[in-house]
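Report on one structure; see the data block that follows.
The values are calculated or read from the model by the stated rules, or taken from the named source; none is laboratory data. Just so it is clear, the structure is predicted and the values come from calculations on it, not from any experiment. Every residue, glycine among them, receives a Cβ derived from its backbone with ideal geometry; neighbour counts consider all protein chains shown. Remember, those area values only see protein heavy atoms, side chains included, never the ligands or the DNA or RNA. Shrake-Rupley method; radii C 1.70, N 1.55, O 1.52, S 1.80 Å.
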Amino acid sequence: MTPDLIEKIDDKTDIIFKMLSEVIKQGIKIGIFKQIDVWDITSLFWSNIHGIIQTQTTIDYLKGRTTDIESLIRKNIELMFLAIKV
């Protein structure tokens with residue numbers, strides 16, 4: 001990976017992390033999410049999504065198969081939101 005590519009990935013990561021953080025902040029503000037630490041829950045969301053992508057792409061590559069990663073991520077997000085919903 002080139003330094004330029006790493007910088008682009010870091011920039012996109014920051015954008016997504018900030019967007020997710022804002023969604024959680026707004027959800028807390030309007031009362032649909034529990035009063036929770038925004039940094040902690042955003043980090044958990046991000047770690048789960050990153051883990052799904054990393055694990056599934058590695059497993060799929062090694063086993064020669066294709067997984068619907070998008071579907072797994074959607075299910076994960078739904079479960080995470082249910083966990084913090086009031």
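Within the shell of other residues whose beta carbon sits under 14 angstrom from the beta carbon of K34, the net charge comes to +1, with Lys and Arg scored +1 and Asp and Glu -1. Farthest toward the positive end of the dipole of the chain, out of V38, T2, T57, is the Cα of V38, where the dipole comes from beta carbon charges about the Cα centre. Loop-located GluC sites (Glu not before Pro) in the chain (DSSP state not H, G, I, E or B) with no more than 13 neighbouring Cβ atoms inside 10 Å do not occur. Net charge in the neighbourhood of I84 (other residues with Cβ under 15 Å of its Cβ; Lys, Arg +1, Asp, Glu -1) is 0. Would you work out what percent of the accessible area of the chain, with all protein chains in place, is carbon or sulfur (probe 1.4 Å)? With neighbouring chains kept in place, the figure for the chain is 62 percent.
Near the amide H of F33, within less than 5 Å, lie the amide hydrogens of I28, V86, all on another chain or at least 5 residues away, with H placed in the peptide plane. Remark: accessible surface ordering of V86, V38, V23 (largest first) is V86, V23, V38, probe radius 1.4 Å. Take the chain, drop everything but the C-alpha atoms, weight them equally and run the Debye formula without solvent; then report log10 I(q)/I(0) at 0.19, 0.24, 0.25, 0.27 Å⁻¹ to two decimals. Per q value, in the given order, log10 I(q)/I(0) is -0.94, -1.17, -1.21, -1.28. For the chain, the solvent-accessible area of protein heavy atoms averages 76 Å² per residue (probe radius 1.4 Å; ligands and nucleic acids excluded).
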